[in-house]
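The values are calculated or read from the model by the stated rules, or taken from the named source; none is laboratory data. Just so it is clear, the model here is predicted, and its values are computed rather than measured. Neighbour counts run over all protein chains shown; Cβ positions are idealised from the backbone, glycine included.
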Amino acid sequence: MAVLTIRDALNQALREEIIRDENVFVMGEEVAEYDGAYKVTRGLWKEFGDKRVVDTPITELGFAAVGVGAAMAGLRPVIEFMTWNFSILAADQIINHAAKMLYMSGGQFKVPIVFRGPNGSAYQVSSQHSQALEAFYANFPGLKVVMPSTAADAKGLLKAAIRDDNPVLFLEQERMYGNKGEVPEDEDFIIPLGVADIKREGRDCTIVARSMTVPLALEAAEKIQQEFGVSVEVIDPRTIKPLDIDTIVNSVKKTNRLVIAEESHYFASVGAEISHTVMEHAFDYLDAPVKRISTAEAPNPYAKNLEALALPDVAKIVAAVKEVCYL
Amino acid sequence: MPKAATRQKTVAKTTKTSINGTGPKAEAAKGLDLVDVDLAQAEYLERRKSQITAIKKLDKKLLREMLYQMVLGRRFEEKCAEVYRMGMIGGFCHLYIGQEAIGVGSMMALKPTDMVITSYRDHVQAMIKGMTPESVMAELYGKEGGCVKGKGGSMHMFSKEHEFYGGHGIVGGQIGVGTGMAYAAKYKGTDQVVLNFFGEAAVNQGLFHESLNMAQLWKLPCIYICENNQYGMGTSQKRAMSSRSIAKKAEAFEMANEFVDGMDVMAVRDATIRAIERARKDGSPTLLEIRAYRYMGHSMSDPGNYRTRDEIKKYQERDPIVLFKDSLKEAKVFGDKDFDKIEEEAMTAVAAAVKFAEESPFPDPSELMTDVYA
């Protein structure tokens with residue numbers, strides 16, 4: 001297996017799907033001639049030209065709408081938001097149009113579209129460029145929400161998203177684009193949406209993490225193993241919607257303790273949803289209240305020290321695990 | 001208010017097209033006078049003259065179908081108002097009465113494979129595109145036999161079979177979606193064009209401007225049809241828009257544009273045909289501002305206290321159906337007997353639609369959770 005960055009794994013997925021299906025095209029700001037603001041689309045325009053890799057004006061609502069209409073008329077657009085922060089301008093198209101079209105049309109018009117781009121914080125880009133929006137979008141029936149944390153998952157999930165007949169929101173993380181991992185080279189390597197992955201097996205406590213908190217949770221798990229001899233299981237749902245709640249519940253039934261680490265804000269987060277569902281399905285198995293680590297309940301700050309304070313980190317996750325394990 | 005003689009000149013001029021900003025600058029603005037509230041009889045006669053000329057070039061069968069669709073649309077919507085008041089239709093219900101010439105004039109110039117997308121004022125356009133009155137009325141009743149199985153109601157008529165991409169409920173939201181449909185036509189290399197309908201109030205939404213920019217930039221075969229019925233809910237255009245001409249806004253994008261009298265079905269047809277030719281030739285988009293007047297309230301819940309009965313009456317004096325009938329009669333294509341027959345057929349179709357809707361069952365409870373995901 002080749003070792004690739006998440007950036008290149010995504011690039012490979014796009015390239016393979018463009019070749020596989022003539023209806024797949026990539027559209028967004030700076031995706032073509034500039035090679036992508038974060039270089040995820042590097043080389044694609046040179047290889048495939050204007051038809052398959054399309055630069056747009058800075059017109060998020062506009063090109064999101066073009067994607068929705070093109071998908072209704074039979075194409076499979078992959079729409080890049082330079083960051084998900086800008087998707088808020090296009091939220092009407094995602095929520096009011098893409099998500100509802102199949103239902104409103106009585107099953108007649110599918111919208112096979114992928115909206116993708118980096119979600120969450122970057123490095124000191126302050127409040128308007130540091131939002132994790134998965135909970136917002138996951139609230140709406142009709143949308144699927146995917147968040148990969150490894151290079152292999154990034155590739156396999158993006159290919160699955162492009163082949164899916166529903167609107168799929170694919171949320172990457174800028175801090176993770178350079179993370180490397182082994183990636184299968186099979187052109188039909190697909191990771192089905194809605195299947196969680198156990199990133200580390202353990203017996204004593206479960207951490208559910210996604211996207212940027214997965215490597216943090218793995219590091220925290222290792223630390224706790226070394227310092228306290230406590231065995232921590234790390235689960236990455238990979239798809240937020242549909243959510244593979246069974247894998248999480250089964251893990252909690254085994255470990256009896258749950259920590260959820262996520263980058264979004266605390267209030268009404270995906271972690272809150274997971275916590276509630278675990279309470280419903282594994283109430284009698286819990287030996288401690290579920291603990292959640294999230295980003296501070298404030299707009300993300302610029303100053304390096306404040307930003308670090310706001311975001312989840314290894315120390316916060318370690319402290320949470322210690323708390324639920326009464327260490 | 002110009003004198004009648006001046007206005008007659010204006011009528012003749014409005015058939016000119018301004019392409020890529022090269023047309024006379026004031027043309028679209030002049031067009032506004034055409035449908036000013038105080039209408040002269042002379043203008044009506046002038047309009048009829050040009051209609052008669054256009055009528056003589058058309059096949060009788062097509063003319064009959066055009067008139068039938070206009071009458072059907074009128075009677076269908078009148079019935080909607082009636083059964084809405086009886087509580088048979090719920091939610092919002094936006095009627096097309098007064099605007100029939102726009103839907104019929106434009107959509108009946110299409111091929112069946114061409115695509116249409118519109119706003120929530122969609123019942124009549126759905127039928128013109130080929131959907132049955134039964135499937136539209138049953139949808140209004142929220143019944144299983146509705147075109148979208150009772151899931152959409154008044155605002156969301158769809159038919160994949162008839163390339164009808166829906167009625168949409170967010171003002172202006174469909175303008176961008178329709179642009180994407182045209183993008184797909186160009187991408188796939190088909191000869192399809194898109195008729196992309198919206199009201200004049202939607203022009204103030206950002207997506208209108210975003211869409212026109214992309215369509216002209218990428219040469220998308222999209223015909224933007226602004227049905228200017230002069231009121232966005234209860235707010236008149238002059239209270240909501242800093243400029244008077246909507247057609248002229250296309251010039252900011254160097255897009256072909258035309259102002260059309262929406263009371264004249266033949267003028268609408270001719271302008272649409274010119275736009276379709278441009279679109280099929282090299283994918284060039286067009287913005288048509290088609291001026292009409294909505295007789296009814298914005299929706300069934302609108303008491304209409306922002307305008308006078310007198311204003312409505314003046315527009316009704318040059319009603320698109322009456323105008324078309326008068327012209328057809330003068331051109332000796334049809335007479336009163338034909339009109340009676342058409343009225344009868346339309347009434348029969350509406351009655352059948354109501355019967356079908358009444359008899360159709362409510363959707364099965366299991367339908368709540370179907371079609372959420374493909």
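In contact (Cβ under 8 Å) with a residue 24 or more places away in the chain, in the same structural domain as A:S149 (by TED's automatic domain parsing), surrounded by 19 or more Cβ atoms within 10 Å (Cβ to Cβ) and not polar (S, T, N, Q), is that true of A:M176?
Details: in contact (Cβ under 8 Å) with a residue 24 or more places away in the chain: yes; in the same structural domain as A:S149 (by TED's automatic domain parsing): yes; surrounded by 19 or more Cβ atoms within 10 Å (Cβ to Cβ): yes; not polar (S, T, N, Q): yes.
So A:M176 fits the description; yes.
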Inset, instruction - Determine whether the stretch B:170-186 contains at least one residue that is among the basic types (K, R) and within 8 Å of chain A (Cβ to nearest Cβ). - result: no
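Only residues that are free of Cβ contacts under 8 Å to residues at least 40 places away in the same chain and either under 20 Å from A:V66 (Cβ atoms) or more than 8 Å from every other protein chain (Cβ to nearest Cβ) (or both): list them for the stretch B:150-165, please. It would help to see each step written out before you state the result.
Restricting attention to the stretch B:150-165, the residues satisfying the condition of being free of Cβ contacts under 8 Å to residues at least 40 places away in the same chain are B:152, B:156-161.
Listed by number, the residues that qualify are B:M157, B:F158, B:K160, B:E161.
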Inset, instruction - State the number of residues belonging to the stretch B:77-92 that are over 15 Å from the mean Cα position of the chain (by Cα) and surrounded by 24 or more Cβ atoms within 10 Å (Cβ to Cβ). - result: 1
Legend entry - Pairs with Cβ under 6 Å, 6+ apart, first in the stretch A:49-64 and at the interface with chain B (Cβ under 7 Å from one of its Cβ atoms) and more than 14 Å from B:W218 (Cα to Cα), second among the hydrophobic types (A, V, I, L, M, F, W, C) and surrounded by 23 or more Cβ atoms within 10 Å (Cβ to Cβ): A:L61/A:A90; A:L61/B:L207
Legend entry - Filter result (under 16 Å from A:S105 (Cα atoms) and part of a loop (DSSP other than H, G, I, E, B)) within the stretch B:337-374: B:P363, B:T370, B:D371, B:V372, B:Y373, B:A374
Legend entry - Filter result for B:G142 (in contact with a strand residue (DSSP E or B) (Cβ under 9 Å, 6 or more places away or on another chain), closer than 30 Å to B:V350 by Cα and more than 9 Å from chain A (Cβ to nearest Cβ)): no
Inset, instruction - Select from the stretch A:247-291 the residues that are among the charged types (D, E, K, R) and surrounded by fewer than 19 Cβ atoms within 10 Å (Cβ to Cβ) and write down the one among them that is nearest to the chain's Cα centre (by Cα). - result: A:E273
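Just need a number here: residues in the stretch A:67-88 that are touching a Pro at 6+ places or on another chain (Cβ under 6 Å), facing chain B (nearest Cβ under 10 Å) and of a type outside the set (A, V, I, L, M). I'd like the intermediate steps shown before the answer.
Step one: of the stretch A:67-88, the residues touching a Pro at 6+ places or on another chain (Cβ under 6 Å) are A:67, A:70-71, A:76, A:83.
When the remaining residues are screened for being facing chain B (nearest Cβ under 10 Å), the result is A:67, A:70-71.
Those still in the list that are of a type outside the set (A, V, I, L, M) too: A:67.
Within the stretch A:67-88, residues that are touching a Pro at 6+ places or on another chain (Cβ under 6 Å), facing chain B (nearest Cβ under 10 Å) and of a type outside the set (A, V, I, L, M) number 1.
Counting only residues that are more than 16 Å from the chain's Cα centre (by Cα) and part of a helix (DSSP H, G or I), which one in the stretch B:58-74 is surrounded by the most Cβ atoms within 10 Å (Cβ to Cβ)? Let's see the steps before the verdict.
Of all residues in the stretch B:58-74, those more than 16 Å from the chain's Cα centre (by Cα) come to B:58-65.
With the extra rule that they be part of a helix (DSSP H, G or I), the set shrinks to B:60-65.
On the way: B:K60: 12, B:K61: 8, B:L62: 12, B:L63: 21, B:R64: 16, B:E65: 15.
For the stretch B:58-74, the residue satisfying everything is B:L63.
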Legend entry - Sole exception among (1) more than 19 Å from A:M212 (Cβ to Cβ); (2) in a loop (DSSP other than H, G, I, E, B) for A:N300, by number: (1)
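Tally the residues that are out of contact with any strand residue (DSSP E or B) (no Cβ under 8 Å at 6 or more places or on another chain), more than 26 Å from B:E78 (Cα to Cα) and either of a type in the set (G, A, S) or within 14 Å of chain A (Cβ to nearest Cβ) (or both), restricting the search to the stretch B:330-374. Don't jump to the end; show me each part of the working.
If we filter the stretch B:330-374 for residues that are out of contact with any strand residue (DSSP E or B) (no Cβ under 8 Å at 6 or more places or on another chain), which is where we start, we get B:330-372, B:374.
Of the ones still in play, those that are also more than 26 Å from B:E78 (Cα to Cα) are B:330-333, B:364-372, B:374.
Now drop any that are not either of a type in the set (G, A, S) or within 14 Å of chain A (Cβ to nearest Cβ) (or both), which leaves B:331, B:364, B:366-372, B:374.
Number satisfying all stated conditions: 10.
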Legend entry - Selection within the stretch A:89-133 - under 19 Å from A:D164 (Cα atoms), more than 10 Å from every other protein chain (Cβ to nearest Cβ) and of a type outside the set (V, I, T): A:F115, A:R116, A:G117
Inset, instruction - Could you list, in sequence order, all residues of the stretch A:119-149 that are buried (at least 24 other Cβ atoms within 10 Å of the Cβ) and of a type outside the set (A, V, I, L, M)? - result: A:N119, A:G120, A:S130, A:E134, A:P148, A:S149
Legend entry - Wholly enclosed helices (runs of 4 or more DSSP H) of the stretch A:1-75 bearing at least 1 residues among the basic types (K, R) and either at pLDDT below 95 or crowded, with 20+ Cβ neighbours inside 10 Å (or both): A:6-20
